[in-house]
Amino acid sequence: MSQFSSLLITNCSQLVTLAGPSRPRLGLEMRDLGIVDDGAMLVRDRRIAAVGARNEIEPAATDDTEVIDVGGRVVMPGFVDAHTHLVFAGNRAEEFEMRCAGMTYQQIAERGGGIRSTVRSTREATEGELVTAGQKHARWFLQGGTTTVEAKSGYGLTVHDELKLLRAIRRVSETTSLRCVPTFLGAHEIPDEYKTQADKYVDLIVDEMLPVVAKENLAEFCDVFCESKVFSVTQADRVLSAAKRLGLGLRVHADQFTSSGAIDLAATLGAKTVDHLEQTTRDSIAVMKKLDVQPVLLPGSVYAIGSQKYAPARAMIEAGLPVVIATDFNPGSSPTTSMTMILSLACTQMKMTPAEAVTASTINAAWSLNRAHEIGSLEPGRIADFVIHDAEDYRELAYFFGNHRPHAVFAAGVRV
C-alpha cells in the first residue's frame, strides 16, 4: 500500500466473501459463498477492515486511501492449497513420457522410479538449491492465485535430508509472499537402503527424525503414506502416535490405490485430514463423519497418472463432510500448481458444483490447516489475502479451464 494508509477495492461484480459460521462448511453450506454483488472491500494495516456493497464501503475511503477499481471483476480470497510437495529437486518428465507409452505409475515405482527418483535428486541438491527451486514453485502458486500452501517434506528420507527440506520450506516462506504450513513426511517412501528393512526405517523416523523436527519446530503436522506397498497400518500407527506425543498435528495419505484401514487409524488417532481417498468406501465415509476428520481430495493426481477412479466427493458432501480439494503439486503424479484446473476437475470429474469447489479450496482448506481465523474468507479482521480474477462470475474459474490467470493477487494487502 506504499504511501497510502488504506486500500479500497471497489466495483466488484461479485465480492466472494465466504463469510459464514465459525467452522468448516458442510452439505448445502458449501454452496453459500457469501457473495456481495457490486461489492467493495476496505483494507487497513494488511487486514480487512470492512466488506459490503459499494454504497456502504466507498464513503469510508479517506484522502490517504488507495482506490483500486477492479472493473466489474470477481474478487475472492486467495486459494488455500492444503496438500502440496512444494520443495524438491529435478523433475520426472521422462516418467511422464513412460506413462504416456503405457506404463503405470506403480510399474515405474517398482523399477526404481517414482518417489525414489526424486529422492535421489533431492539428496544431491544443497539446501540453497532447494530454496531456489521452492521459490520458483512459490511464484507459480502466487501467479495462479494461491496465497497459502501446506508444504510437505518426504523427498529426503534421511535425518539430514528431511531436515534440509523442512529448512528450505521455512526459508521459502520467509523470502516469498507465499505462506507455507510445513508438514513432516519422512514416511513418504521406504528408501533404497532400507528396502528390505522397513521396520528399521520406521525406527529411524520415530527415534531420530521426529524428535529433531519437533525440537527445532520445523513442522506443524506429520503425514504418512499408508498403502500396502509402502507403510502398513501398523507402521503408520507407530509414526503417527510418536508424532502426536510430540505435539504435531496428523495428516494421512489414505486409500489412494487400495483401501487399507488407514482411515480407521487416522480417525482413531484424531488426524486432522485424510488425503486422496480414491478407494474410500461408504463405511469409511461414516467413520470420517463420526470422528470429525476432513477429507482432502486430489483430482489432479488421478488425472495426471491416467486413472479413472476419482474420490467420491458427492457421497462425502451428502454425508455432511467438510470436503477440501488441493493440487497435490509434486514432480510425479500431479505436476500442477493451478487451483483453477483442480476446480475444473472437481466439477467435471467429481460432480462438485462450482460453489462447492470454491469453498473446498478456500475456507474449508483453511480450517484443515488451523488457519481459518486468519485466511480463507474475506471478513473483517482477516489477513487481506485476495485475488482479482479476470472474470465477471466465479463459475468462470472452473468453466474456462487451462488458461486462467488472475488479474491481480494480493498477499497481506500487498500486490504480489
Per the Kirkwood treatment, what hydrodynamic radius in Å, one decimal, follows for the chain from the mean inverse distance over all distinct Cα pairs?
21.5 Å
For an R0 of 25 angstrom, estimate the FRET efficiency from the Cβ-Cβ distance between Phe401 and Thr175 and round to the nearest 0.05.
0.20
Which distance in Å, rounded to a whole number, links the C-alpha centroids of the stretch 42-113 and the stretch 381-416?
8 Å
Taking amide hydrogens as modeled 1.01 Å from N in the peptide plane, which residues meet the under 5 Å criterion relative to Glu66, leaving out close sequence neighbours?
Ser5, Ser6, Leu7, Leu8
Whenever you get a sec, compute what percent of the accessible area on the chain sits on carbon and sulfur atoms (1.4 Å probe).
48 percent
Simple SL model, points at 7 angstrom along Cα→Cβ for Gln107 and Ala315; separation in nm is 2.9 nm
Karplus couplings for the stretch 275-292 from phi (6.51 cos²θ - 1.76 cosθ + 1.60, θ = phi - 60°), rounded to Hz, Gly and Pro as x?
10, 5, 6, 5, 9, 5, 9, 5, 4, 5, 4, 5, 5, 4, 5, 5, 10, 6
Provide the per-residue ³J(HN,Hα) series for the stretch 176-193, in order, calculated from phi with Karplus coefficients 6.51, -1.76, 1.60 and θ = phi - 60°, each as a whole number of Hz, with x at glycine and proline positions.
10, 8, 7, 7, 10, 9, x, 10, 7, 10, x, 8, 9, 7, 8, x, 3, 6
FRET efficiency, Glu97 to Asn370 (Cβ-Cβ, R0 45 Å, nearest 0.05):
0.70
Residue-by-residue Karplus 3J(HN,Hα) for the stretch 392-403, coefficients 6.51, -1.76, 1.60, Hz, glycine and proline x:
9, 9, 4, 5, 5, 5, 8, 6, 8, 9, x, 9
Relative contact order (%) - criterion: Cα under 8 Å, at least six apart; region: the chain
21 percent
Ellipticity estimate at 222 nm from DSSP helix runs (n ≥ 4, -39,500 (n - 2.57)) divided over the chain, nearest 500
-9500 deg cm²/dmol
Pairs from Lys309/Lys351; Lys215/Lys290; Lys152/Lys272; Lys289/Lys351 whose Cα-Cα separation, in the structure shown, is over 22 Å:
Lys215/Lys290
In the stretch 94-124, which residues have a backbone nitrogen under 20 Å from the label point lying 7 Å from Val212's Cα in the Cα-to-Cβ direction?
119-124
Treat each spin label as a single point 7 Å out from the Cα along the C-beta direction, and report the Val67 to Arg47 distance in nm.
2.7 nm
Can you compute the FRET efficiency between Ala286 and Lys244 using 1/(1 + (r/R0)^6), with r the Cβ-Cβ distance and R0 = 30 Å? Round to the nearest 0.05.
0.80
Once amide H atoms are built 1.01 Å from N in the peptide plane, which residues 5 or more positions from Arg47, or in another chain, come under 5 Å H to H?
Ala384
With +1 on the Cβ of every Lys and Arg and -1 on the Cβ of every Asp and Glu, and nothing else charged, how large is the dipole of the stretch 1-116 about its Cα centre, in debye rounded to the nearest 20?
580 debye
Mind checking the full-extension length gain between Glu58 and Ser121? Use 0.36 nm per residue of separation minus the Cα-Cα distance, one decimal, nm.
17.4 nm
Could you list which residues have their amide H under 5 Å from that of Val181, counting only those 5 or more apart in sequence or on another chain, with H placed in the peptide plane?
Val149, Glu150, Ala151
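The values are calculated or read from the model by the stated rules, or taken from the named source; none is laboratory data. A quick note: this is a predicted structure, and the numbers were derived from the prediction, not measured. A quick note on method: Cβ atoms are made from the backbone with ideal geometry, for glycine too, and the neighbour counts reach across all protein chains shown. Protein only, heavy atoms only, side chains kept; ligands, DNA and RNA dropped before computing areas. Shrake-Rupley method; radii C 1.70, N 1.55, O 1.52, S 1.80 Å.
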